[in-house]
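One structure below.
Readers should treat all values here as calculations from the given coordinates under stated rules, not as data from a laboratory. What you see is a predicted model; the values in this text were computed from it and never measured. Cβ placement follows ideal geometry from the backbone for every residue including glycine, while neighbour counts extend to all protein chains displayed.
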Amino acid sequence: MNRSDQAQTQTTPASPAAVPSTALRFHPITHLYAARALRDFGDGFVSVLLPVYLTALGFSAFQVGVIATAALLGSALLTTLIGLLGARYDHRQLLLAAACLMVATGVAFAAIHDYAALLVVAFAGTVNPSAGNVSVFVPLEHAVLTREVSDAERTKSFGRYSLVGALASAVGSLAAAAPDFVAPLGWSALAAIKAMFVLYALLGLVGGLVYAHVPKRAPAAEPHAAAALGPSRRIVLKLAALFSIDSFAGGFTVQSLLALWLFERFDLSLSAAGMFFFWSGVFAAFSFPVSVWIARHIGLVNTMVFTHIPASLCLILAAVAPTLAVALALLLVRASLSQMDVPARSSYVMAVVTPAERAAAAGFTAVPRSLAAALSPALAGALFAASFRATPLVICGVLKILYDVLLLLQFRHLKPPEER
């Protein structure tokens, strides 16, 4: 019986009229799933609309890349702060604060046109150009989810968590085409995109209401002990270094820049891009249950490596694809494989550290990843501006293969509890 169930059994018996409210009580991780769905839906359409919005305001491809870098760098620093606070303070309060920041970010992007001001908002806010799990919310959600499930259920729960997020992001990508559909109503493209940023703010507000139902618990019985890593320090630092290589590589093809590549290389329309990212998100989403099944048979590390390498090869081939159809087909195959490592990676990090270190480990592995990912979008933007449009995709694929090989060499013998 988990702690949520124990709390329910301690409820004083009531009249029959009171029984339905107890029966309708949700498990805490259900609220995490719902909150992730809301914010990933917002990230899904923002990541596609961001380059369109910025170019409509008159900014260059290089400036778009700098905005993406600022957003990822700010996310890294916010995650650092959350890691320091998360060991000492209630996770629910920190999640509520992050939701408020999401509201402020959406409103600011809708209201501001000045490039310098947008840089500040991107840096200090929650806008996510990658439409993935690079977010200030993620370490907190990982720590809460892990404490609510057993070792045997951990990978499956992370698979569901990733599935929900990917499906929501896919629907969000589809919603990015909304400005095209309201044009006949007399809306300008700029006004329609601004309305989408207002919607992003509203999603943050609703997400905050959902986070309010997460149990109010301190993350550890001894907060000072949890503030720093203990016996697992060396493991976490090695994982963080390897994850940084992966994230630095991924920064060359964050969804905003991949959308920009499709716009410039093949003159893809906004509605077609939205449809493509919808299907790539759907394929990625349904790869998560497959990832959980594979992990049960070959292990978490092997799942991370042997699904990732083929995905990187598809990306390299897409960079030199002669036609749009071939490029999209390769990118869809890549989408079906490239995210299989996500639930396995999250579960593995939580499994190889002690319970007291989980919150710190989530932060320490997330922060270097975010910092590394923040460096590459500006470099990719510079390559775009210099007409080397395929180069970022090739760099991304090669570096990710290097990461996979190093991960296998370093961690193939360190097994989580359920594999021993």
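Structure values in brief
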read-out: Cβ-defined net charge surrounding VAL398, 13 Å radius [Lys, Arg +1; Asp, Glu -1]; value: -1
read-out: Along each principal axis, Cα extent of segment 307-416, largest first, Å; value: 51, 26, 21
read-out: Cα-Cα P(r), the chain, percent of pairs per 20 Å interval; value: 27, 58, 14, 0
read-out: Proxy reagent accessibility, fewest Cβ within 10 Å first, across GLU148, GLU141, GLU418, GLU264; value: GLU264, GLU418, GLU148, GLU141
read-out: Crossing angle, helix 341-351 versus the chain [Cα axis fit, 0-90 degrees, rounded to tens]; value: 30
read-out: Partner lysines for LYS156 [C-alpha distance under 22 Å; skip if fewer than 8 residues away on the same chain]; value: LYS415
read-out: 0 to 90° range, to nearest 10: angle between helix 137-147 axis and the chain longest Cα axis; value: 30
read-out: Least to most buried among CYS314, CYS100, CYS396 (fewest other Cβ within 10 Å first); value: CYS100, CYS314, CYS396
read-out: Cα-based helix-to-principal-axis angle, 151-175 vs the chain, degrees rounded to 10; value: 30
read-out: Estimated FRET transfer efficiency (CYS100, SER188; beta-carbon r; R0 25 Å; 0.05); value: 0.25
read-out: Proximal charge balance of ALA176 [Cβ under 15 Å; K/R count +1, D/E count -1]; value: -2
read-out: Alpha carbon centroid spacing (whole Å) that separates segment 248-317 from segment 396-412; value: 17
read-out: Helix-only CD estimate at 222 nm, as mean residue ellipticity for the chain, using -39500 (n - 2.57) per DSSP H run (n ≥ 4); value: -25500 deg cm²/dmol
read-out: Total formal charge among the other residues, if their Cβ is under 15 angstrom from that of ASP246, Lys/Arg +1 and Asp/Glu -1; value: +3
